[in-house]
Amino acid sequence: MITRHQPSQALFRSILVLFFAALGSNVNAQGAPPPAVTVKPVVNRQVTDTKTFIGRVAAIDKVEIVARVPGFIQERNFTEGQIVKKGDLLFRIEQDTYKAAVDQQTANVAKAKAAEVNANLQLKRNQELVKTQAAPQATVDQLAAAEQSAQADILQAQALLEQARINLGYTEIHSPIDGKIGIANFTVGNLVQPSSGPLATIVSQDPIYVTFQPSEADVIDYKRRLAASGGKNQHLNVHIKLPDGTIYTHPGLTNFLDVQVQPNTDTVTVRAQLPNPEGLLIPGGVVSVIVERGAPQQSLVVPQSAVLLDQAGHYVMVVGDAKKVEQRRITTGAEKDRDVIVTQGLKEGELIIVDGVQKVRPGQAVTATIATGN
């Protein structure tokens with residue numbers, strides 16, 4: 001049996017595979033619909049140049065409440081964590097000893113005044129006697145000195161009385177500021193004195209500070225921008241991004257630039273003041289600080305989801321009038337929320353693919369649907 005002139009079965013199967021693959025490719029090329037993509041127009045809108053820093057929330061006022069006189073705590077008139085007003089009574093120290101001291105010094109003042117009255121009478125009597133030489137001049141001089149000493153004793157007694165009253169006043173400890181009071185470090189019945197340390201701490205809540213540290217280069221850049229624009233207001237508008245990612249509803253304004261650069265970080269401390277009526281900003285907390293670095297300007301923006309990156313740089317896929325895809329190289333600027341500023345490569349109104357870009361290639365026809373919403 002002769003078989004050398006017959007094609008092998010493997011070769012025959014390869015020819016069939018190539019035939020059906022070509023047939024299937026021709027069917028797809030002729031019958032498959034264009035891929036569907038979602039597009040958005042390039043938008044021209046006002047954009048403010050911003051830069052983001054890490055900031056720290058700080059109370060404007062912070063007061064550590066301490067005892068100014070020794071004694072046992074008799075009352076505590078607040079709940080830990082509550083808002084207190086300036087003048088609210090916080091602690092009362094037992095007052096009996098201090099009231100007794102006031103009474104004692106009151107008596108000493110009365111005694112000194114009585115002694116001064118007697119010294120004055122003695123002086124006047126002897127001044128009359130010396131005129132008739134019934135009393136020596138030396139006695140008159142001694143009585144005059146005694147009267148002056150009695151007057152000095154009155155002043156001393158009055159000073160001690162005032163000090164006793166002050167000490168009695170210190171037994172009632174009032175809040176010196178409006179704010180939120182923290183944990184009480186001493187409870188009723190404890191003996192406290194000036195060396196005992198803080199009884200509690202009060203921090204103000206509204207308004208509040210946020211500090212952040214831009215680099216020295218950032219500060220120089222802003223000052224140059226300010227000089228070039230002819231602006232005189234050196235205060236910057238700031239916005240806060242909370243730890244949960246939401247934007248704080250109350251903007252603030254910078255009010256302090258440190259006078260020196262931190263040598264270990266080459267940064268400058270900047271402070272901003274913000275309203276805090278809801279108490280969302282807590283002293284000591286960490287937030288993102290978004291600083292506006294100039295006036296709003298018209299800029300082209302595209303969604304971040306539309307911007308792609310390869311070795312040659314950033315690009316987007318544009319759907320032209322013929323509904324065909326074009327790869328367009330772009331130059332990007334700062335990011336704004338979910339958008340990116342485009343400085344070169346696009347025109348307002350051009351349609352860029354924001355969804356389905358992985359299904360297309362340059363030159364391919366597509367079915368484009370304009371995205372709705374933001």
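Just so it is clear, none of the values below were taken in a lab; they were calculated from the coordinates. Worth saying up front: this structure is predicted, and the values here are computed from it rather than measured. FYI the Cβ positions are ideal-geometry reconstructions off the backbone, even for glycines, and counts take in every protein chain you see.
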Label point distance in nm, Lys336-Ser305, each placed 7 Å from Cα along Cα→Cβ: 2.0 nm
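Output the relative contact order of the chain, whole-number percent, from Cα pairs under 8 angstrom with separation of 6+ residues. Let's see the in-between values first.
Details: 675 pairs, mean separation 103.5, N = 374.
Worked out over the chain, it gives 28 percent.
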Which of Val109, Leu161, Gln137, positive extreme of dipole for the range 95-170 (C-beta unit charges): Gln137
Ranked Leu280, Leu309, criterion: other C-beta atoms within 10 Å, fewest first: Leu309, Leu280
For the range 155-238, convex hull volume per residue from C-alpha positions, Å³: 239 Å³
Length released on extending from Gln148 to Glu348, taking residue separation times 0.36 nm less the Cα-Cα span: 62.4 nm
Label point at Thr265 placed 7 Å out along Cα→Cβ; residues across the range 42-83 whose backbone nitrogen lies under 15 Å: 52-58
Two-site FRET efficiency, Ser195 against Ala100, from Cβ-Cβ distance with R₀ of 25 Å, rounded to 0.05: 0.60
For the range 95-170, the spread of Cα positions along each principal axis, largest first, Å: 57, 13, 11
Selection from Ala322, Gly363, Ile352 lying farthest towards where the dipole of the range 320-374 points positive, charges on Cβ: Gly363
Distance histogram in 5 Å bins (all Cα pairs of the range 164-297, percent per bin): 2, 8, 14, 15, 14, 12, 10, 8, 7, 5, 3, 2, 1, 0
P(r) of the chain over all Cα-Cα pairs, binned every 10 Å from zero, in whole percent: 4, 13, 13, 13, 12, 10, 9, 8, 6, 4, 3, 2, 1, 1, 1, 0, 0, 0, 0
Amide proton proximity set for Asp178, modelled H, under 5 Å, gap of 5+: Lys86
Charge sum, other residues only, whose C-beta stays under 9 Å from Asn77's C-beta, Lys/Arg counted +1 and Asp/Glu -1: 0
Net +/- balance of residues flanking Gln151 in space, Cβ distance below 13 Å, scoring K and R +1, D and E -1: -2
3J(HN,Hα) from dihedral phi, the range 180-190, Karplus parametrisation 6.51/-1.76/1.60, rounded to Hz, x for glycine, proline: 10, 9, x, 6, 7, 7, 9, 9, 4, x, 7
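Pop the C-beta distance of Asn77 and Val219 into the FRET formula with R0 = 51 Å and round what comes out to the nearest 0.05.
Working from the Cβ atoms, E equals 0.60.
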All-pairs alpha carbon distance profile, the range 84-129, 5 Å steps from 0, percent: 5, 17, 11, 11, 11, 10, 9, 8, 6, 4, 4, 3, 1, 0
Whichever aspartates and glutamates have a C-alpha closer than 14 Å to that of Lys85, once near sequence neighbours (fewer than 8 apart) are set aside: Asp61, Asp178, Asp206
Approximate spin-label separation Thr249-Glu128, in nm, with each point projected 7 Å along Cα-to-Cβ: 8.5 nm
Residues in the range 132-149 reached by a label modelled at Lys113 [backbone nitrogen below 17 Å; 7 Å Cα→Cβ]: none
Spin-label model distance (nm) - Lys241 vs Ala371, 7 Å beyond Cα toward Cβ: 1.8 nm
